[in-house]
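Comments concern the structure below.
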Amino acid sequence: MVVTHNLGFPSIGKQRELKFALEKYWSRNISQEELLQTAGMLRKQFWKNQDKLDLVPVGDFSFYDQVLDMSFLLGNIPKRAENLSYNDLDNYFRVARGRSYVDESDCTCIQAGEMTKWFDTNYHYIVPEFNKNTNFKLQAQRLIAQITEAQKQGVKVKPVIIGPVTYLWLGKSKDESNKLDLLDSLVEVYAQLFKELSKLEIKWVQVDEPILVTELESNWQVAFKDTYDTLANSQVKLLLASYFGTLQDNLGLACSLPVDGLHIDAINARNEVQAVIDNLPDDKVLSLGIVDGRNIWKTDLNVTLLWLKEIYQQLQNRMWLAPSCSLLHVPMDLDSEQELDVDIKSWLAFAVQKLEELNILAQALNKGQASVVKQIVSNADAINARKHSPFVHNSTVQERIAQVNDELGNRQSEYKSRAKLQSKKFKLPLYPTTTIGSFPQTLEIRQARRDYKSGKLSTKKYTQAMQIEIQHCVQIQESLGLDVLVHGEPERNDMVEYFGQQLNGYAFSQFGWVRSYGSRCVKPPIIFGDISRPNSMTVDWTAYAQSLTKKLMKGMLTGPVTMLNWSFVRDDQPRSVTCLQLSFVIRDEVLDLEKSNINIIQIDEAALREGLPLRKSQWKTYLDWAIKAYRISANGVSDETQIHTHMCYSEFNDIIKAIAQMDADVITIETSRSDMELLDVFDEFDYPNEIGPGVYDIHSPNVPSVDSMVELMQKAAQRIPAKRLWVNPDCGLKTRNWHEVRLALSNMILASKQLRQE
């Protein structure tokens, strides 16, 4: 019989219950006991959603981030958090966000852990910290408690943990020591963990080692062999899980490791399945990830089943079926959606529906296709309807894409010439100050948006309410003394959804929330068809803001690559083609802003690196079309118009040449949590344009001091000439409150003035 299992389930809840419980706890509106009760209720619901599976993941539920969970399980807590006289959960939140409570008045704030993207997803993790004295110590109480809780509820438990080699690989050495020197002591703790799990009568443990789909240096390949040779005698069975890509040169290694089963991503690595079967010993299980855990389109059950039947003949009861990766990257339940177009909804599958697809495929193999004929026919009808839908294809859009040429992506003059014209026009001081775009989204703003959407507020009154908020933002920025202002984006629910709602080819869910980190959730739009822009999207709001001030007002747009990477993208054409369609709608908006005398325009590409393939050999292809799309969107303007871009938490040192090729006049980046480490690349690469390294970590409620900001900018000035440096926060300020923002921006402006004096 085919075994079904899942690699992980969304933690946030159908209605974002965990998000709201966390935020209430951080603001001291509920107790820790109430937070834990909410978490227990959610886990019970999630396990019930998976009760038809043969094995259910436990340990995938996280209060903030799975990697941070692993750090605490391994006793790898930063020294600055070790001796705080608080409980484990509060110390956990301090490492995640700098403090446990919003109003922390007892000075127990610490520097939050560095945060970056989980492989090529929009999920973030807190980077593990290592040094030569790192001492691992098993602290598995939380995991064991969840296992015991699940067992009492009759759950068929399969604990899920991050593997030791991937954990080391994800972390950073803080003293230049070699991380691999810690491997032996780390593996000892994993061996202890497996021993404890065996006492709980656990049979299988899922050990995630996704770095197997990357290009590993030989010492890391050796680390895999040494690690699993040591763990070969564990008293539990190990299912080694890889996902997000192909094994390629690691295929032989993965198949040879002394584990009891191997999971591979059969969505991305379907062409490798037969090679894995040929190389995998006959006593090992092969788990195939046959349902896409990263996108929301229905699985073509007929095509998949036809393919699986051949494999089943070879593997028989050694064959397991699962989603390609954890389902934390998709929304929880499509049944919650009541406003989606009926046709589009019929093409989709969220986490709960993906597990239903999995069970249908398993039943077809175990009991015969006749036992699920109705479900398969219904699926085929939906797949066929989508393929031939008139809503998907737009000949006008396709004709415009066919006319793309290189000239569309070129500015009139090189940067040095543009910089002189812009300097003369704008007359900005040294170390000019600005923000990244958004200001706090207050309860009043959110309520006005809800009332407008529900029809309780007329368009006229909603516009007036948003204009009042814009006035407020402009007044505060002027009073603080910022040099380049923004309108604050009160009308925007999300930096992608806001634009997508005004474009043809996009659809939107009500409850399609996906966790990004902690309590931060996003609701990715759905690109189902060819994309076009019926009307301008931001001009009226930005022009209104400019009418309120004599200072420079910056137009704010989301770039085509980020619009692509932060959406659920259609899978019936290359992503590069969809990105080109997006580049034209943004280009048209840029030109409309320029016509309205908005001469500084920021086109955010927060997710540029996120879409980078996990293997460097594939980078050039992606970067070629991604940079081309950005340049088309940005470079139709005159030389006097200054183009900015912004990038979120990501290591981009290894793609700095591609970023330079974007040819943005100013780039702003997040650097405060890494203490400007991201600027090390400028020691070797002479970045030609202007840059704003973030000095205010907006993902933490901590307010940075003037001295800390000055120190960060001084580090930046050692690498980049001061005349090309801007001073700005790390990212947008929508998630912060006005009290924090006023204090932090006031300090930022004082820091800028001090830097000018020096």
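The values are calculated or read from the model by the stated rules, or taken from the named source; none is laboratory data. Note that the structure is predicted; figures quoted are calculated from it, not measured. Please note: Cβ atoms are built from the backbone with ideal geometry, for glycine as well, and neighbour counts cover all protein chains shown. Side chains included, ligands, DNA and RNA excluded: accessible areas come from the protein's heavy atoms. Shrake-Rupley method; radii C 1.70, N 1.55, O 1.52, S 1.80 Å.
Scanning for something of a type outside the set (Lys, Arg) and under 30 Å from Ser705 (Cβ atoms), does segment 52-63 turn up at least one residue? Within segment 52-63 (the criterion being of a type outside the set (Lys, Arg) and under 30 Å from Ser705 (Cβ atoms)), the answer is yes, since at least one residue qualifies. Checking each residue in segment 175-199 for being surrounded by 15 or more Cβ atoms within 10 Å (Cβ to Cβ) and either part of a loop (DSSP other than H, G, I, E, B) or in contact (Cβ under 8 Å) with a residue 60 or more places away in the chain (or both) picks out Leu186, Val189, Leu193. For segment 476-500, what are the residues that are part of a loop (DSSP other than H, G, I, E, B) and not acidic (Asp, Glu)? Those that are part of a loop (DSSP other than H, G, I, E, B) and not acidic (Asp, Glu): Gly481, Leu482, Val486, His487, Pro490, Arg492, Asn493, Met495, Val496.
Residues in segment 261-306 that are touching a residue at least 12 places away in the same chain (Cβ under 8 Å) and either on the phi > 0 side of the Ramachandran plot or of a type in the set (A, V, I, L, M, F, W, C) (or both): 19 in all.
One line per residue, one yes/no per condition, for (1) open to solvent by 30 Å² or more (accessible area, probe 1.4 Å); (2) among the hydrophobic types (A, V, I, L, M, F, W, C); (3) in a loop (DSSP other than H, G, I, E, B); (4) within 29 Å of Arg615 (Cβ to Cβ):
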residue: Asp654; (1), (2), (3), (4): yes, no, no, yes
residue: Ala664; (1), (2), (3), (4): no, yes, yes, yes
residue: Phe682; (1), (2), (3), (4): no, yes, no, yes
residue: Gly692; (1), (2), (3), (4): no, no, no, no
residue: Ile698; (1), (2), (3), (4): no, yes, yes, no
residue: Asn702; (1), (2), (3), (4): yes, no, yes, no
residue: Ala716; (1), (2), (3), (4): no, yes, no, no
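Has segment 570-583 got at least one residue that is in contact (Cβ under 8 Å) with a residue 40 or more places away in the chain, open to solvent by less than 10 Å² (accessible area, probe 1.4 Å), more than 28 Å from Pro390 (Cβ to Cβ) and not in a strand (DSSP E or B)? No, segment 570-583 contains no residue that is in contact (Cβ under 8 Å) with a residue 40 or more places away in the chain, open to solvent by less than 10 Å² (accessible area, probe 1.4 Å), more than 28 Å from Pro390 (Cβ to Cβ) and not in a strand (DSSP E or B). When you check Arg318 against the structure, is it open to solvent by 30 Å² or more (accessible area, probe 1.4 Å), basic (Lys, Arg) and under 19 Å from Asp572 (Cβ atoms), yes or no? The answer is no for Arg318. When Gln338 is tested against the conditions (1) under 30 Å from Tyr517 (Cβ atoms); (2) surrounded by 15 or more Cβ atoms within 10 Å (Cβ to Cβ); (3) of a type outside the set (Phe, Trp, Tyr), the lone failure is (2).
For segment 462-478, a residue qualifies if it is open to solvent by 60 Å² or more (accessible area, probe 1.4 Å) and in contact with a strand residue (DSSP E or B) (Cβ under 9 Å, 6 or more places away or on another chain), and the qualifying residues are His472, Glu478.
Got at least one residue in segment 445-452 being among the hydrophobic types (A, V, I, L, M, F, W, C) and more than 30 Å from Val637 (Cα to Cα)? Within segment 445-452, one or more residues are among the hydrophobic types (A, V, I, L, M, F, W, C) and more than 30 Å from Val637 (Cα to Cα).
Here is a yes/no grid of residues against (1) in contact with a helix residue (DSSP H, G or I) (Cβ under 6 Å, 6 or more places away or on another chain); (2) of a type in the set (Val, Ile, Thr):
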residue	(1), (2)
Arg587	yes, no
Ile601	yes, yes
Gly611	yes, no
Ser617	no, no
Ala634	no, no
Ser638	no, no
Phe652	yes, no
Ile659	no, yes
Ile669	no, yes
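Anything in segment 148-174 that is under 28 Å from the mean Cα position of the chain (by Cα) and assigned to a helix (DSSP H, G or I)? List them, or say none. Of everything in segment 148-174, those that are under 28 Å from the mean Cα position of the chain (by Cα) and assigned to a helix (DSSP H, G or I) turn out to be Pro164, Val165, Thr166, Tyr167, Leu168, Trp169, Leu170.
The number of residues in segment 584-613 being of a type outside the set (Asp, Glu) and in a loop (DSSP other than H, G, I, E, B) comes to 9.
Could you tell me whether any residue of segment 40-47 is open to solvent by 50 Å² or more (accessible area, probe 1.4 Å), at pLDDT below 95 and more than 20 Å from Asp208 (Cα to Cα)?
no
Taking the criterion of being free of Cβ contacts under 8 Å to residues at least 12 places away in the same chain and out of contact with any Leu (no Cβ under 8 Å at 6 or more places or on another chain), the residues of segment 308-350 that qualify are Glu310, Gln313, Gln316, Val342. Kindly provide the set of residues from segment 619-633 that are free of Cβ contacts under 8 Å to residues at least 60 places away in the same chain and buried (at least 24 other Cβ atoms within 10 Å of the Cβ), ordered by number. Listed by number, the list is empty, since nothing qualifies. Considering only segment 391-406, state which residues are open to solvent by 80 Å² or more (accessible area, probe 1.4 Å), farther than 15 Å from Lys345 by Cα and not in a helix (DSSP H, G or I). Correct list: His393, Gln403.
Specify which of the listed residues (Asn83, Asn135) is open to solvent by 10 Å² or more (accessible area, probe 1.4 Å), under 24 Å from Glu196 (Cα atoms) and part of a loop (DSSP other than H, G, I, E, B). Exactly one residue qualifies, and that residue is Asn135.
Here Ala145 fulfils each of the conditions (1) under 29 Å from the mean Cα position of the chain (by Cα); (2) modelled with pLDDT under 95 apart from (2).
Close contacts from segment 55-78, counting a first residue that is on the phi > 0 side of the Ramachandran plot and of a type outside the set (Val, Ile, Thr) and a second that is open to solvent by less than 10 Å² (accessible area, probe 1.4 Å) and at pLDDT 95 or above, with Cβ to Cβ under 8 Å and a gap of 6+ residues or different chains, come to Gly59/Ile147; Gly59/Pro159; Gly59/Ile161; Gly75/Val189. Among the numbered conditions (1) open to solvent by 10 Å² or more (accessible area, probe 1.4 Å); (2) at pLDDT 95 or above; (3) hydroxyl-bearing (Ser, Thr, Tyr); (4) within 29 Å of the chain's Cα centre (by Cα), the only one that Thr459 does not meet is (4). Selection of segment 1-29 for residues being surrounded by fewer than 18 Cβ atoms within 10 Å (Cβ to Cβ), farther than 19 Å from Leu334 by Cα and not hydroxyl-bearing (Ser, Thr, Tyr) yields Met1, Phe20, Glu23, Lys24, Arg28, Asn29. The listed residues are Val741, Val710, and the only one of them that is without any contact (Cβ under 8 Å) to a residue 60 or more places away in the chain and not in a loop (DSSP other than H, G, I, E, B) turns out to be Val710.
In segment 398-409, the residues that are within 14 Å of Gly636 (Cβ to Cβ) and touching a residue at least 60 places away in the same chain (Cβ under 8 Å) form Cβ pairs under 6 Å with partners that are in a helix (DSSP H, G or I) and open to solvent by 40 Å² or more (accessible area, probe 1.4 Å), at six or more places apart or across chains, as follows: Gly409/Lys628; Gly409/Arg631. The residues of segment 45-66 include none that are farther than 30 Å from Met319 by Cβ and either among the β-branched types (Val, Ile, Thr) or out of contact with any helix residue (DSSP H, G or I) (no Cβ under 8 Å at 6 or more places or on another chain) (or both).
Scan segment 367-390 and report the pairs whose first residue is surrounded by fewer than 17 Cβ atoms within 10 Å (Cβ to Cβ) and whose second residue is in a loop (DSSP other than H, G, I, E, B), with Cβ atoms within less than 7 Å and a gap of 6+ or a chain change. Once the first residue is surrounded by fewer than 17 Cβ atoms within 10 Å (Cβ to Cβ) and sits in segment 367-390, its partners that are in a loop (DSSP other than H, G, I, E, B) give Ala385/Ser346. Total residues in segment 221-267 satisfying the condition of being open to solvent by 30 Å² or more (accessible area, probe 1.4 Å), of a type outside the set (Gly, Ala, Ser) and under 19 Å from Leu193 (Cα atoms): the figure is 8.
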